[in-house]
Amino acid sequence: MKYDIIIIGGGVIGCAIARNLCKYDLNICLLEKEADIGMGTTKANSGVVHAGYAAEREYIKRDFCIRGNKLYTKAVEELNFPFKRLGSFVVALENEQIKKLEDYRKKGIEDGIHDLELILDKERIMKMEPNLIEDVVGVLHAPSAGITSPYELTFALAENAAMNGVKFYRNQEVVKIRHQQYTFTVKTRTDEFKSSNLVNCAGLHSADISKMLGLDYFNIVPRKGEYILFDRNEIQLNKVLFPTPTEISKGILVCPTMHNNTFVGPNAQNITDLEDTSTTTAGLKEILEGGRELVPKLPFDATIRNFAGLRAVPTPDYDFIIDNTDIYGFINVAGILSPGLTSCFAIAERVQEYLELLGVQMKVKEDYNPKRPKPERFSDYSKEEIDKKIKEDPAWGRIICRCETIPEKEIIDAIHAPVGARTIDGIKFRCRPGMGRCQGGFCRPRVIEILSRELSKPYEEITKKGEDTNVLIGKTKEVRLEQLKEKGEVEE
């Protein structure tokens, strides 16, 4: 089968493009290298939806951010993903920093962000954010800023796209691309796909994809950012907190999450290894000290996890690369670092415009459904409603994850959703078993059991996150017996 459009990359950008195009009468597929969507840069994103005042005006990402922020309101109504417009503070700790905040405010208002407010009343500031450091001298308040769950947003986009006919192929690492007679032939490690148009959203690997077609005008440098995640309800923040940027650093932010945790980070370190998501003692010390400059009471003893993510930094220019290239039908969407999450819906609009310029007919399907049903959550129901649910389906009453109170029913639903979970991490990021204080210590064996049963796979084939991450290798006695036989210590 020849597709009208192939999208390479299943992060939030690729899935936003797929969802935006799914309304049209087109054959579309998305190829993802990993065992699940959203498992690259997206899963370690800060989850901040920026107001749009911070990027330099000469960068296109400023316009995409401002437009993208506005598009979140409608998207939440249609896709039912977690989102809060709780606002952000850029915090000044010295009088000299107020000029920077005023400059942000002035330029932001000129660009249409009319609700920006410079607050110098310390009493008012502390009332709005009681956990903020008392040395604060002023803040820039951006009420339109917010937070989301980047991976839950990605799943929502993918599910709605799949509901409307987009095909998702996971474990499909692209190794070669040919372009002949207006047809792209995309070769993966296991399969071959053909299309008339090709959209490159491969994140850290986007320069490699571009080079497969002879386009070598940019490179991607991986930039590692480390985070510390605190247990839920240990500290309550009302705002996303940014320090005032300096000439050499944007500083460390402190931020609440959609699930009542708090995190601090990230730092920034340019590296060469595209797979290096390790954390370091020095890095964690750096972000904790940076976070405590804004919130002194950050409780390090309440840490439940530290992790790192990689951002795709474009060179030679530090800006989004969204190009209708010289190769007819090939669109590059690369170097989408911050504020990429905020910009995803606006970027999807631009890609559609480019495809229209290429002659792709955008005829809306008669049966297009923009609505993605909200996943049912135990935490959303009252005790009486839960009792009723359990009577209808006992799986609602079998609690698998104690830390997050996740019943078996939510896990089953996550597996059987469009573009559903196939791995332990796929379950973790969709409905949170393993996200709590014990980080899967109690629930992981039961999650493996449910995955095995629902997917009709033996335990040994269930992986954490895809190839070479198998958790179990066999039954203990059987494996030990085979080892003894190999040593000649027991007879066959």
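Structure values in brief
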quantity	calculated
Within region 151-169, tally of residues that are acidic (Asp, Glu) and more than 18 Å from the chain's Cα centre (by Cα)	0
Pairs where the first residue, in region 415-436, is under 12 Å from CYS403 (Cα atoms) and not assigned by TED's automatic domain parsing to the domain that holds THR262 and the second is surrounded by fewer than 24 Cβ atoms within 10 Å (Cβ to Cβ) and of a type in the set (S, T, N, Q), C-beta under 7 Å, 6+ apart	none
Matching residues in region 4-51 - criterion: being among the charged types (D, E, K, R) and surrounded by fewer than 24 Cβ atoms within 10 Å (Cβ to Cβ)	ASP4, LYS23, ASP25, LYS33, GLU34, LYS43
Strands (runs of 3 or more DSSP E) fully within region 141-250 counting 2 or more residues that are farther than 29 Å from ARG372 by Cα and touching a helix residue (DSSP H, G or I) at 6+ places or on another chain (Cβ under 8 Å)	174-180, 219-230
Search result, residues across region 64-123 that are part of a strand (DSSP E or B) and buried (at least 17 other Cβ atoms within 10 Å of the Cβ)	PHE83, SER88, PHE89, VAL90, VAL91, ALA92
Helices (runs of 4 or more DSSP H) (entirely within region 376-492) containing at least 3 residues that are under 21 Å from the mean Cα position of the chain (by Cα)	408-416, 424-431
Selected residue [more than 30 Å from GLY359 (Cα to Cα) and not hydrophobic (A, V, I, L, M, F, W, C)] from LYS224, LYS187, LYS167, LYS194	LYS224
Unique match (being in a helix (DSSP H, G or I), at pLDDT 95 or above and either touching a Lys or Arg at 6+ places or on another chain (Cβ under 6 Å) or not hydrophobic (A, V, I, L, M, F, W, C) (or both)) among GLU353, GLU366	GLU353
Matching residues in region 124-138 - criterion: being without any contact (Cβ under 8 Å) to a residue 40 or more places away in the chain and either among the small types (Gly, Ala, Ser) or assigned to a helix (DSSP H, G or I) (or both)	ARG124, ILE125, MET126, LYS127
Filter result for the condition that a residue is more than 18 Å from ARG62 (Cβ to Cβ) and either touching a strand residue (DSSP E or B) at 6+ places or on another chain (Cβ under 6 Å) or assigned by TED's automatic domain parsing to the domain that holds GLY340 (or both), over GLU129, GLU159, GLU94	GLU159
Qualifying residue in region 300-312 (condition: within 30 Å of GLN361 (Cβ to Cβ) and either out of contact with any Gly (no Cβ under 7 Å at 6 or more places or on another chain) or in the same structural domain as GLU58 (by TED's automatic domain parsing) (or both))	no
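Okay, residues lined up against (1) under 24 Å from THR342 (Cβ atoms); (2) touching a Cys at 6+ places or on another chain (Cβ under 8 Å):
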residue	(1), (2)
GLU152	yes, no
ALA158	yes, yes
VAL175	no, no
ASN197	no, no
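This table checks each residue for (1) buried (at least 24 other Cβ atoms within 10 Å of the Cβ); (2) under 20 Å from the mean Cα position of the chain (by Cα); (3) within 30 Å of ILE287 (Cβ to Cβ); (4) in contact (Cβ under 8 Å) with a residue 12 or more places away in the chain.
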residue	(1), (2), (3), (4)
GLN180	no, no, no, no
ASP191	no, no, no, yes
ALA202	yes, yes, yes, yes
HIS205	no, yes, yes, yes
LEU213	no, no, no, yes
TYR217	no, no, no, no
GLU226	yes, yes, yes, yes
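The values are calculated or read from the model by the stated rules, or taken from the named source; none is laboratory data. In this text, all values refer to a predicted model and were calculated from it rather than measured experimentally. We place every Cβ from the backbone using ideal geometry, glycine too, and count neighbours over all the protein chains shown.
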